[in-house]
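The values are calculated or read from the model by the stated rules, or taken from the named source; none is laboratory data. Computed from a predicted model, the values in this text were never measured in an experiment. Because the Cβ atoms are built from the backbone with ideal geometry, glycine has one as well, and the counts that use them run over all protein chains shown.
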Amino acid sequence: MVIKSLRSRLILLLVGLLALVLLAVFVAVYTSTTLSAERQAARQLELGARVFRSVLDARARELATATQILAADFGFRQAVASGDLPTIASALDNQARRIGADQALFFDAAGELRIASAPGRDGQAQIQAVASLSPEALIAVIDQQPYLLVDAVLRAPLPVGEVAMAFRLDQALADELRELTGLDIRFVSSYDGEVQHALSTLPAAQQWPPGSMRDKQTLNLDGERYQLVQLSLLEQAPYAVHVQLISPLRDLLASFAVLKRELLLITLIALLASSLLAVWLAGSLARPVASLADAARRIGRGDYQFRVWLKRRRADELGMLADSIDLMRERIAEREQQLAHNAMHDPLTGLPNLAMVRERLQSAVAGGQSGVLAQCNLDELAQLVNAHGQDLVDNLVCQSAERLNAALPPRSLLAWQPGSGFVLLLEGRALDDAVLLVDQLLGLLADKLQIEQVKLRPQWLAGLVEWPRQGSGVTELLRQASMALADAEPGDHRVAVYQAQRDEAYQRRLQLARDIAYAPRHEELSVVYQPKLALASGQVPQVEALMRWHHQRLGPIRPDEFIVLAEQTGSIALLTQWVLNAVLAQVREWLSRGIELQVAMNISALDLEDASFPEQVEQALERHQVAPRYLSLEVTESALMREPERSLASLQRLRDSGISLAVDDYGTGYSSLAMLKSLPVQYLKIDKSFVLQLTEGSDDAVIVRSTIELAHNMGLAVIAEGIESEDTLHWLQQRGCDYAQGYFVSRPVAAEVLEAWLGEAQARFAYLAEREVGVSPSPV
């Protein structure tokens, strides 16, 4: 049953709380009497423990004296010195009988147990554990039984042995200690936590609870409560010997029974009186609280146009609460207005923010209206912040916002979003009109400004997108406007309009940049090989390895497209390692079948700038068991010019390891002759742009001929790429070019196709070895 009346709830609450308090007091006092009895029992146990220790120490000293007498006996020492074991055993047995020992033990000078005897019988003993109890005595476990052990060293005059007397912790000792301490005694010996032997002065010992005991605890035995303290005599895993001193609580608890009955009566009387008081107090609180609750409900509904009122003006806490609620009502109203404003406005400029733009744009699109969304941003914003600080840029933004506000046409919304710049919503505007309007606004923003003694002529750029023709989703339109802004440039093209084809290219570029790192894992990469024909012999001693990427969704990707992306995204090292391992694995397979080809592969500038790259190449050669002479690395002129010192160091180490090196695309970069002379390369590769249109007397012919002569003078072999006709091939052979590469020789092919082609090439190009190679007598 749910009680809805506040007065009834207060009565129940107060009575319940008072009942709980009185119950807690009753339980606390009731428990304290029990605890007091337990504390008294604990004090008895502590006293008993000290008496137990004293009695055990006294017994140990007494027994130690008797053992010392035997150790001091001249005849006994002579028997020990002479090794007369029967005499020793007899003496031990007699002394054990005399002093009442349960075991007599003799150890030789090496500590080995030689004799163990008990009065009246012969036998062997095994000592499982020994621990010190006091300076005079030890506790030992002998044959699974606990013993009090006293020992003495035999000297003649040097130590020749040791004699010990063992006294079992038995029932007689427990009874004797009970008489002295007034406490029940229990001796317990255990092995690996399991009780092996126990004896007690309690009649309920047979019903002792299983499991190990704590050092101090209360337990029940046959319906009687006892306080227990446990003393450890020996702890030597897996053996342990404990003595437990036990004190009954029955007599101590009986003395507190009268006090508990009186306490119960007092508690009941106090509960009745406090209940009457709670009824009166609940009535005085319920009425004003109900009024305050009604006021809180109205505030919760958003009604702030009233004052909190009580029937009687109160100066107590309820009156203060009423005033506080009224003040809270006013403050909440003010803050809600401020929050509503801040949620839709930028704190710097006071303009609407992107949230309001989204809301307004969503309404316009849903209402079937058309318009243009423009995003404007400050060109070289980062440089302005670095040069003049964020405060100056903030002032610039605020002044620009004032200029735009003054020039805005009707049905437009100007917003500012940090990171995105100004966002302008032009409802009902055609795209052409919007471009002219935005260009005028950018011209207005470009007027000279002076801020903090700094004169500025800021350049603003804008990107526009039209809805619903170019998009209808709010997020989509904002993204498209941002893409259009990225196409804008200072000057005549400061206003750019979104182009769908640029979006497609942008999305493709994003996907490729994201997927290129996973291409090796998805097995989308492959290697093809393009032969390099030796023009002097007609043989093919080299091939160039070229990587191909077949995207699982986009299909084949051009190398010039994905290589640039790999360098920009930092994935080029991953691709280089993949190609290196693929090439060396193929070379290893060819060598195993008697095919010897030097394979060239391209490396990036980022590879050369990595100081660990030469070591990675060496490790790959060793891993695939390929000699360095079968690998050639090609690097472009532009790559060498990025970090010349690092690149030169990496090239030198690669050359020292026996790897061939080549300068690729020679003639398209900016390397000087001095730079070329310092490179540890063996090959110079003329870019195909000079070879494709090679005709006698052309500028390209002059460049190619000069390059061949220059390379030969520097001791370099020349490779010409882009050979697409037999005439070009013959021309290069006549000018002394060493190697030719191009579609006329062979397109890049897979490894298995290359193997078949090599057999055909030998016959196809055999005539080259028969031609006379020379230099044309006439100028090129």
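Residue 181 falls short on exactly one of the conditions (1) of a type in the set (Ser, Thr, Tyr); (2) modelled with pLDDT of 80 or more; (3) surrounded by 14 or more Cβ atoms within 10 Å (Cβ to Cβ), and that condition is (2). Summed over the stretch 709-732, the residues that are surrounded by 20 or more Cβ atoms within 10 Å (Cβ to Cβ) and either aromatic (Phe, Trp, Tyr) or not in a strand (DSSP E or B) (or both) give a count of 7.
Given the criteria of a type in the set (D, E, K, R), under 30 Å from residue 375 (Cβ atoms), buried (at least 18 other Cβ atoms within 10 Å of the Cβ) and not assigned by TED's automatic domain parsing to the domain that holds residue 751, does residue 508 qualify? Spelling it out, it is not the case that residue 508 is of a type in the set (D, E, K, R), under 30 Å from residue 375 (Cβ atoms), buried (at least 18 other Cβ atoms within 10 Å of the Cβ) and not assigned by TED's automatic domain parsing to the domain that holds residue 751. On the stretch given as the stretch 643-664, residues that are out of contact with any Leu (no Cβ under 8 Å at 6 or more places or on another chain), surrounded by fewer than 16 Cβ atoms within 10 Å (Cβ to Cβ) and in a helix (DSSP H, G or I) total 5.
For residues in the stretch 680-708 being within 25 Å of residue 633 (Cβ to Cβ) and touching a Ser or Thr at 6+ places or on another chain (Cβ under 6 Å), which is surrounded by the most Cβ atoms within 10 Å (Cβ to Cβ)? Looking at the filtered set, the residue picked out is 686.
Considering (1) crowded, with 16+ Cβ neighbours inside 10 Å; (2) aliphatic (A, V, I, L, M); (3) over 24 Å from residue 184 (Cα atoms); (4) modelled with pLDDT under 80, the lone condition that residue 45 does not fulfil carries the number (3). Against the list (1) at pLDDT below 80; (2) within 20 Å of residue 396 (Cβ to Cβ), the condition residue 501 fails is (2). For the stretch 442-491, which residues satisfy the criterion of being part of a helix (DSSP H, G or I) and of a type in the set (Asp, Glu)? 476, 487 - these are the residues of the stretch 442-491 that are part of a helix (DSSP H, G or I) and of a type in the set (Asp, Glu). The residues of the stretch 658-678 that are modelled with pLDDT of 85 or more and either in contact with a helix residue (DSSP H, G or I) (Cβ under 7 Å, 6 or more places away or on another chain) or hydroxyl-bearing (Ser, Thr, Tyr) (or both), listed by number, are 658, 659, 660, 661, 663. For the stretch 687-708, which residues satisfy the criterion of being in a helix (DSSP H, G or I) and hydrophobic (A, V, I, L, M, F, W, C)? Matches in the stretch 687-708: 690, 701, 702, 703, 704, 708. Quick check: is even one residue across the stretch 633-642 at pLDDT below 90, touching a Gly at 6+ places or on another chain (Cβ under 6 Å) and assigned to a helix (DSSP H, G or I)? Within the stretch 633-642, one or more residues are at pLDDT below 90, touching a Gly at 6+ places or on another chain (Cβ under 6 Å) and assigned to a helix (DSSP H, G or I).
Yes/no matrix, rows are residues, columns are (1) part of a helix (DSSP H, G or I); (2) assigned by TED's automatic domain parsing to the domain that holds residue 239; (3) basic (Lys, Arg):
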residue: 17; (1), (2), (3): yes, no, no
residue: 20; (1), (2), (3): yes, no, no
residue: 27; (1), (2), (3): yes, no, no
residue: 70; (1), (2), (3): yes, yes, no
residue: 76; (1), (2), (3): yes, yes, no
residue: 97; (1), (2), (3): yes, yes, yes
residue: 107; (1), (2), (3): no, yes, no
residue: 114; (1), (2), (3): no, yes, yes
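For the residues 545, 600, the requirement of being part of a strand (DSSP E or B), surrounded by 21 or more Cβ atoms within 10 Å (Cβ to Cβ) and out of contact with any Ser or Thr (no Cβ under 9 Å at 6 or more places or on another chain) singles out 545.
For the stretch 576-591, the count of residues that are modelled with pLDDT under 95 and outside any helix (DSSP H, G or I) is zero. Among the residues of the stretch 351-373, the one identified as hydrophobic (A, V, I, L, M, F, W, C), under 42 Å from the mean Cα position of the chain (by Cα) and not in a helix (DSSP H, G or I) is 351.
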